[in-house]
Amino acid sequence: MTTLMAERHPSDPLFRADRLPHIWCPGCGIGPAMHAYAQALVESGIPLDRHVCVSGIGCSGRVPGYLNIDSYHTTHGRAIPFAMAVALVRPQLEVAVFSGDGDLFAIGGNHFIHAARRNVDLNVICINNFNYGMTGGQVGPTTPMGARATTAPYGNYEQPFSLPYLAAATGAVFVARWTSLHLRQLKQAILRAMKKRGLTFIEVLAPCPVGFGRPNEIGDAMEEMMLYRERCVVDHGAPLAALDIDLRQRDHPIVLGNFVDIERPVFDPLAMRRPAPEVEDHAPLARKEQEG
Amino acid sequence: MKDGPAVLEGQHFLLGDHACAEGALAAGCRFFAGYPITPSTEIAERLAHRLPEVGGIFVQMEDELASMAAIVGASVAGARAMTATSGPGFSLMMENVGLAAMMEVPCVVVNVQRGAPSTGLPTLVAQADVMQARWGSHGDYEIVAYAPASPQECFDLTVRAFNTADQYRIPVFVLADEVVGHMTERVVIPPPDAIPKVERKRPRTAPGGDGFLPFQADDDLVPPMAHAGEGYRVHFTGLTHDERGYPATNAEAHDRLVRRLVEKVRRHAWRIEEYEESQLEDARVVVIAYGSTARSARRAVAVAREEGIRAGLLRPITLWPFPGERVRRLAERVGAVVVPELNMGQIAREVERFTHRPVLGVNHAGGAMLPPEPILDTIREAATR
Amino acid sequence: MRREVRLAGYGGQGIILIGLLLGKAAALHDGKEAVFTQSYGPEARGGASNADVVIADAPVDYPLVTRPDCLVVMFQEAYERHRPGLVEGGLLVLDQDLVRPDPGEGAFHAIPATRLAEGLGKKIVANVVMLGFFTAVSGLVRREAVEAALRSTLAPRLLELNLRAFATGYDYAPHAREAA
Ligand code: SF4
């Protein structure tokens with residue numbers, strides 16, 4: 001992997017300058033997504049000292065280490081239970097989990113669905129680049145059918161997860177999908193997520209030219225970006241069941257948007273010992289349709 | 001909302017597992033994440049009831065991987081945190097035991113041992129996780145493990161486990177066994193001000209300045225610990241890291257870090273080690289036993305004495321660090337060493353590292369407590385040598 | 001002095017509770033040492049239920065009951081299963097309506113504990129009736145110690161009935177032995 005020197009940028013105080021350059025490949029989609037998160041940190045109005053970022057293992061798991069906030073780079077798959085505990089012990093903190101698709105949905109999948117079910121007050125930002133990039137491009141739980149990976153040399157024959165569908169079905173109160181091309185919308189979605197109490201989920205489709213682009217003849221990062229630009233349609237009201245990604249069919253759109261925004265009681269282990277709240281919305285999967 | 005005392009001062013007739021739970025509360029534990037597993041479930045049940053009474057947090061997790069990750073997370077946020085489990089869950093926890101060792105995050109794990117390997121004997125006793133406690137996670141690191149022999153010790157040693165964890169910023173185990181966890185006996189809980197408390201070392205400079213490096217150790221090799229949300233903008237990673245906490249993936253940094261993680265415990269082993277001796281002054285045969293087996297050994301030694309055999313008992317209270325120096329000095333003057341345990345010879349092997357000669361093991365794989373008789377038989381045999 | 005007591009019956013009779021009360025009375029209210037254990041696992045799930053208590057003057061080393069000095073049975077199967085383990089000359093106590101001892105059985109103490117409990121209006125306190133009777137005939141623990149254990153263990157609304165049940169069993173014994 002070669003490294004890129006980050007440009008000078010107004011958000012520089014947000015980064016640990018002494019840690020740069022970062023480890024990501026040229027054209028990697030993680031960096032832009034990190035910048036969107038960093039801008040949201042500033043615009044959130046919440047002091048930086050009250051933000052915490054937790055990750056697991058993988059290229060995306062390196063994000064917290066570059067941010068100049070309290071950050072924890074934990075074990076593979078376990079960012080969510082670790083972050084849950086931070087959020088419960090210090091409820092005044094704004095805790096995000098920033099990690100990758102393999103980390104959060106293969107080895108860590110069980111923790112995600114239970115955190116969503118409980119509605120833990122966490123913002124989960126998941127870089128989805130359809131493969132295990134750090135280890136050189138293996139197949140993962142989001143690799144589209146037919147796509148090649150080093151451990152799927154004949155093409156992936158497993159049905160992938162549709163992450164927004166999974167997140168909504170398991171109880172997330174805010175569910176969105178953007179790409180590392182849609183940085184303004186991504187930042188807005190992160191800001192909305194920070195305002196919400198409960199588990200929010202944002203999937204960020206991101207190019208991994210090394211691990212995914214090259215073996216799948218998508219070309220370099222620019223070309224993968226072009227593919228997103230051409231195929232992506234924004235539809236906040238799209239049916240959740242229709243959010244799957246199929247890169248083989250050129251006319252199959254990649255649907256982006258803020259799909260779910262609901263209210264549910266936030267996870268509180270002491271809830272049953274507190275006075276009952278005045279209003280509670282118990283409709284777990286109710287969706288607020290967002291008209292265009 | 002708070003309506004129960006954190007320290008249940010007074011005399012109680014308590015189950016060993018419940019005594020662990022009360023010890024945790026008395027030590028200031030305010031976060032428990034766990035997964036039910038026999039024979040440790042009573043700890044979780046007691047804390048599910050008691051933690052909310054003192055404003056603490058109890059979470060029943062989806063598995064032991066998550067439980068262990070959660071207590072490490074709670075601890076970096078400043079809470080004294082614990083989980084409790086038995087063999088199968090202990091195996092799953094090993095992943096994040098390593099994380100706690102690497103990130104230097106204090107936490108306490110109670111393992112109420114049962115018959116193993118695998119699912120083994122869910123409801124029946126064994127002591128076969130002794131080496132797993134020492135070496136269970138990958139890599140070199142040091143932990144501390146206490147082996148209670150009574151409900152009173154379940155209380156006392158759980159308190160001590162929290163203090164030792166905070167003092168050295170390490171994971172600490174309470175390595176109980178099913179017999180001790182499931183026996184009910186008198187437990188005396190002292191008043192709150194008589195509960196020993198060692199505070200975690202904290203940064204000495206205000207946040208924002210340049211002075212504080214989160215992983216720069218003091219002379220005792222332990223760095224002060226900054227918690228999440230305090231403004232120190234820390235970075236913790238399971239990767240090899242430097243004093244700033246930043247990844248430093250090279251041979252030199254790795255050796256420096258791992259050496260310190262190991263040394264910070266080894267250097268203080270003499271302060272951490274605990275054991276109980278009885279009738280060793282003139283002993284010709286020494287029995288080395290721990291946990292519930294030590295109770296059988298005590299009986300065997302008493303009967304041997306009645307028979308005129310000069311037997312004595314050394315009961316390690318810390319299995320790790322193992323009181324090896326004490327064993328070495330004893331072995332120099334006694335005739336024989338007998339090591340009864342409910343496994344195939346795990347501590348016996350450790351003892352032999354210090355005796356430099358074979359010991360007489362009294363072994364059973366578990367499923368029932370080791371009774372005094374086979375220990376007594378072996379003491380008699382040893383006495384004739 | 002070390003005495004091993006086994007209390008055996010079937011699930012729902014409250015055998016575990018009286019074992020706990022006996023141990024607690026000895027350890028907290030009578031200046032003695034005591035260990036209470038119960039069996040766990042599949043064998044404890046079925047019908048049988050037993051509670052073991054070791055009471056001693058000095059700290060108890062081996063905590064388990066191997067050859068009980070005293071056996072209290074409230075169920076025929078429990079009698080058949082545990083009678084062979086009783087030490088020779090040991091104290092056998094039984095509910096005479098639920099256990100029919102062997103014709104060759106030597107001395108034993110019998111009480112219609114369940115019937116007496118029904119007389120008190122609550123069959124479920126048969127266990128505490130038995131505890132009272134056992135306290136009287138065994139002399140292992142003082143009456144006041146067991147009453148103190150009842151007070152410190154039971155919910156206030158249950159206490160009065162249980163103290164009456166205890167007294168009923170205690171007074172049923174013709175000659176209460178003085179606790180040492
Ligand atoms: S391997 Fe892929 S995900 Fe990892 S840094 Fe390179 S481009 Fe990014």
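For A:Ile57, state whether it is within 19 Å of B:Thr240 (Cα to Cα), among the β-branched types (Val, Ile, Thr) and either more than 9 Å from chain B (Cβ to nearest Cβ) or in contact (Cβ under 8 Å) with a residue 40 or more places away in the chain (or both).
So A:Ile57 fits the description; yes.
Could you grab me the full set of residues in region A:135-159 that are among the β-branched types (Val, Ile, Thr) and either touching a Lys or Arg at 6+ places or on another chain (Cβ under 8 Å) or closer than 17 Å to A:Glu217 by Cβ (or both)?
Listed by number, the residues that qualify are A:Val139, A:Thr143, A:Thr150.
Scan region A:25-54 residue by residue and report those that are closer than 22 Å to A:Val210 by Cα and buried (at least 24 other Cβ atoms within 10 Å of the Cβ).
Listed by number, the residues that qualify are A:Cys28, A:Gly29, A:Ile30, A:Ala33, A:Met34.
Going by what's in this entry, would B:Glu252 be described as free of Cβ contacts under 8 Å to residues at least 40 places away in the same chain, surrounded by fewer than 20 Cβ atoms within 10 Å (Cβ to Cβ), assigned to a loop (DSSP other than H, G, I, E, B) and not assigned by TED's automatic domain parsing to the domain that holds B:Thr378?
On the way: free of Cβ contacts under 8 Å to residues at least 40 places away in the same chain: yes; surrounded by fewer than 20 Cβ atoms within 10 Å (Cβ to Cβ): yes; assigned to a loop (DSSP other than H, G, I, E, B): no; not assigned by TED's automatic domain parsing to the domain that holds B:Thr378: yes.
No: the conditions fail for B:Glu252.
Inside region A:131-250, counting only helices (runs of 4 or more DSSP H) that do not spill past its ends, which hold 3 or more residues that are within 16 Å of the ligand (Cβ to nearest atom), over 26 Å from A:Ile80 (Cβ atoms) and away from every other protein chain (no Cβ under 14 Å)?
Working: elements: A:163-170, A:183-195, A:221-231.
Because the criterion is at least 3 residues that are within 16 Å of the ligand (Cβ to nearest atom), over 26 Å from A:Ile80 (Cβ atoms) and away from every other protein chain (no Cβ under 14 Å), the helices (runs of 4 or more DSSP H) in region A:131-250 that meet it are A:221-231.
List the pairs whose first member sits in region A:65-87 and is within 7 Å of chain B (Cβ to nearest Cβ), whose second member is in a loop (DSSP other than H, G, I, E, B) and among the aromatic types (Phe, Trp, Tyr), and whose Cβ atoms are under 9 Å apart, counting only residues at least 6 apart or on separate chains?
These pairs meet every condition: A:Gly65/B:Tyr246; A:Asp70/B:Tyr232; A:Met84/A:Phe267.
Across region A:92-130, what is the total count of residues that are under 27 Å from A:Arg197 (Cβ atoms) and within 16 Å of the ligand (Cβ to nearest atom)?
Total meeting the criteria: 11.
State yes or no: is B:Val262 hydrophobic (A, V, I, L, M, F, W, C) and either within 30 Å of B:Arg333 (Cβ to Cβ) or within 12 Å of chain A (Cβ to nearest Cβ) (or both)?
Values: hydrophobic (A, V, I, L, M, F, W, C): yes; either within 30 Å of B:Arg333 (Cβ to Cβ) or within 12 Å of chain A (Cβ to nearest Cβ) (or both): no.
Considered against the rule, which asks whether it is hydrophobic (A, V, I, L, M, F, W, C) and either within 30 Å of B:Arg333 (Cβ to Cβ) or within 12 Å of chain A (Cβ to nearest Cβ) (or both), B:Val262 comes out as no.
What single numbered condition from (1) closer than 22 Å to B:Pro223 by Cβ; (2) of a type in the set (A, V, I, L, M, F, W, C); (3) touching a strand residue (DSSP E or B) at 6+ places or on another chain (Cβ under 8 Å) fails to hold for B:Leu99?
(3)
Of these, B:Val180, B:Val187, which one is in a strand (DSSP E or B) and surrounded by 21 or more Cβ atoms within 10 Å (Cβ to Cβ)?
One residue alone meets the criteria, B:Val187.
If B:Arg315 meets every condition in (1) part of a loop (DSSP other than H, G, I, E, B); (2) under 18 Å from the mean Cα position of the chain (by Cα); (3) of a type outside the set (A, V, I, L, M, F, W, C) apart from one, which number is that one?
(1)
Checking B:Asp129 against (1) in contact with a helix residue (DSSP H, G or I) (Cβ under 6 Å, 6 or more places away or on another chain); (2) within 14 Å of another protein chain (Cβ to nearest Cβ), which test does it fail?
B:Asp129 satisfies all of (1) in contact with a helix residue (DSSP H, G or I) (Cβ under 6 Å, 6 or more places away or on another chain); (2) within 14 Å of another protein chain (Cβ to nearest Cβ) except (2).
What number of residues within region C:148-174 satisfy the criterion of being in contact with a helix residue (DSSP H, G or I) (Cβ under 7 Å, 6 or more places away or on another chain) and touching a residue at least 24 places away in the same chain (Cβ under 8 Å)?
Final tally of qualifying residues: 14.
Filter region C:118-164 for residues that are of a type in the set (S, T, N, Q) and crowded, with 23+ Cβ neighbours inside 10 Å and give the result.
Passing the criteria: C:Asn127, C:Thr135, C:Asn162.
Have a look at A:Asn119, A:Asn128 and point out the one that is more than 9 Å from every other protein chain (Cβ to nearest Cβ) and touching an Asp or Glu at 6+ places or on another chain (Cβ under 8 Å).
None of the others qualify; the one that does is A:Asn128.
Could you give me the residue pairs with C-beta distances under 8 Å whose first residue belongs to region A:14-39 and is over 18 Å from A:Val54 (Cα atoms), whose second residue is more than 16 Å from the ligand (Cβ to nearest atom) and in a loop (DSSP other than H, G, I, E, B) wherever it lies, and which are 6+ apart or on separate chains?
Cβ pairs passing all conditions: A:Asp18/B:Arg244; A:Asp18/B:Tyr246.
When you go through (1) on the phi > 0 side of the Ramachandran plot; (2) at pLDDT 95 or above one by one for C:Ala26, which number turns out not to apply?
C:Ala26 satisfies every listed condition except (1).
Return the pairs, sorted by first residue and then second, in which the second residue is polar (S, T, N, Q), the first residue lies in region B:229-240 and is at the interface with chain A (Cβ under 7 Å from one of its Cβ atoms), the beta carbons are less than 6 Å apart, and the residues are 6+ apart or on different chains.
B:Arg233/A:Asn68; B:His235/A:Ser71; B:Gly238/A:Thr75
Select from region B:84-117 the residues that are part of a strand (DSSP E or B) and over 25 Å from B:Glu341 (Cβ atoms) and list them in ascending order.
Within region B:84-117, B:Cys107 is the sole residue that qualifies.
Working only within region B:330-347, note down all residues that are in a helix (DSSP H, G or I) and either touching a helix residue (DSSP H, G or I) at 6+ places or on another chain (Cβ under 7 Å) or of a type in the set (Asp, Glu) (or both).
Filtering region B:330-347 down to residues in a helix (DSSP H, G or I) leaves B:330-333, B:346-347.
Matches in region B:330-347: B:Ala331, B:Glu332, B:Gln346, B:Ile347.
Would region A:91-99 turn up any residue that is within 7 Å of chain B (Cβ to nearest Cβ) and crowded, with 24+ Cβ neighbours inside 10 Å?
No, every residue in region A:91-99 fails to be within 7 Å of chain B (Cβ to nearest Cβ) and crowded, with 24+ Cβ neighbours inside 10 Å.
For residues in region B:286-311 being facing chain C (nearest Cβ under 8 Å) and of a type in the set (D, E, K, R), which is nearest to the chain's Cα centre (by Cα)?
That would be B:Arg295.
Out of region B:196-216, which residues are surrounded by 19 or more Cβ atoms within 10 Å (Cβ to Cβ) and over 28 Å from A:Gly77 (Cα atoms)?
Across region B:196-216, the qualifying residues are B:Pro203, B:Phe212.
With the checklist (1) facing chain B (nearest Cβ under 10 Å); (2) of a type in the set (Val, Ile, Thr); (3) without any contact (Cβ under 8 Å) to a residue 40 or more places away in the chain in hand, flag the one item A:Ile113 doesn't pass.
(3)
Within region B:311-336, work out how many residues are without any contact (Cβ under 8 Å) to a residue 12 or more places away in the chain and in contact with a Leu (Cβ under 6 Å, 6 or more places away or on another chain).
Here the count works out to 0.
Among what's in region B:48-72 and is in a loop (DSSP other than H, G, I, E, B) and at the interface with another protein chain (Cβ under 7 Å from one of its Cβ atoms), pick the residue that is surrounded by the fewest Cβ atoms within 10 Å (Cβ to Cβ).
B:Asp63
The values are calculated or read from the model by the stated rules, or taken from the named source; none is laboratory data. No experiment lies behind these values; they were computed from the predicted model shown. Every residue, glycine as well, gets a Cβ built from its backbone with ideal geometry; the counts of neighbours run over all protein chains shown.
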